Every structure is written in structure tokens, then in C-alpha cells.
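Colleague: Dropping a structure here in C-alpha cells format, bear with me for questions.
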Amino acid sequence: FAPAAMAWARFPQRVCALVAALWCVVLVGAPAPNPRSENLYEVLGVVSTASTKDIRRAYKQLALQYHPDQSDENKDLFMRILQAYQTLSDEHKRKRYDRQGNQQKDRVRDNPVAYVPPVPQGY
């Protein structure tokens, strides 16, 4: 009987934590996921200040929804979501993306033959 009473005693704390978490989501206003977007943060539906844990959580949710096993039509969307996750979950790739955005992708599209990737600093 005592463990059940203790669980009920913590119930208001859990409800308050849940309400606070939902209120934070409303205040922050995380964007809805948009796999067709050019912005990788919008693809996953996270803000640019999101933690690695938030990015991973968003990726897992979208990966289940758009996995190619669900439908063959989702293959391109899933690959876009995977690309966004791989870029934003790696610290170095994320910093480079935040600095350059889609500029590197645009350079390749404009003139793929003349494109020379930048040499990493420190070499």
C-alpha cells in the first residue's frame, strides 16, 4: 500500500512537469517538420538552437513516419531527413552548415566542373 501512496504523491509533480514541457514547446514555437524544405532545421522541424538530443528525437519520429518500408513514395523524403540528421548531429558538420548554409550546394549546382572543395584548416 505504501508504494502506491508514494506514486500518487508524486502525481502532481509529474503533471506539472508535463504541463511545463508543453508550455515551453508552445512558447518556443518549434516549427513543424517540412522534409521538402531547403533548410535542414526545417526538415527536422527543430529550431537552430536545438540540442543534439532534440535533433535525434525529431529524426527518430520522422524516420518512422517516412521510412521507405512504409511506402516507396517516401524514399526521397526519407533520404532528405537522413541527410539533415547526419549533418546536424555531427558537431563539425553542423558548425560548417551554420556558417555556410546551402552556399556549397549552390556552387556545385551552378558549375559542377569548376567546383573545388575547400581545404580544411590545419593541414
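Colleague: Between residue 83 and residue 39, what is 0.36 nm times their sequence separation minus the Cα-Cα distance? Round to one decimal in nm.
Modeller: Values: separation 44, 0.36 × 44 = 15.84 nm, distance 1.13 nm.
Result for the pair: 14.7 nm of gain on full extension.
Colleague: Using the basic label-point model (7 angstrom from Cα toward the beta carbon), what is the residue 72 to residue 121 distance in nanometres?
Modeller: According to this spin-label approximation, the distance is 4.8 nm.
Colleague: Whenever you get a sec, line up 73, 42 from highest to lowest accessible area (probe 1.4 Å, protein heavy atoms). Don't skip to the end; give the middle numbers.
Modeller: Values: 73 155, 42 75 Å².
Sorted descending by solvent-accessible area, the residues read 73, 42.
The values are calculated or read from the model by the stated rules, or taken from the named source; none is laboratory data. The model shown is predicted, which means the values in this text are computed figures rather than measured ones. So basically every Cβ, Gly included, is an ideal-geometry build from the backbone, and we count neighbours across all protein chains shown. Ligands, DNA and RNA are excluded from the accessible area calculation, which covers all protein heavy atoms including side chains. Shrake-Rupley method; radii C 1.70, N 1.55, O 1.52, S 1.80 Å.
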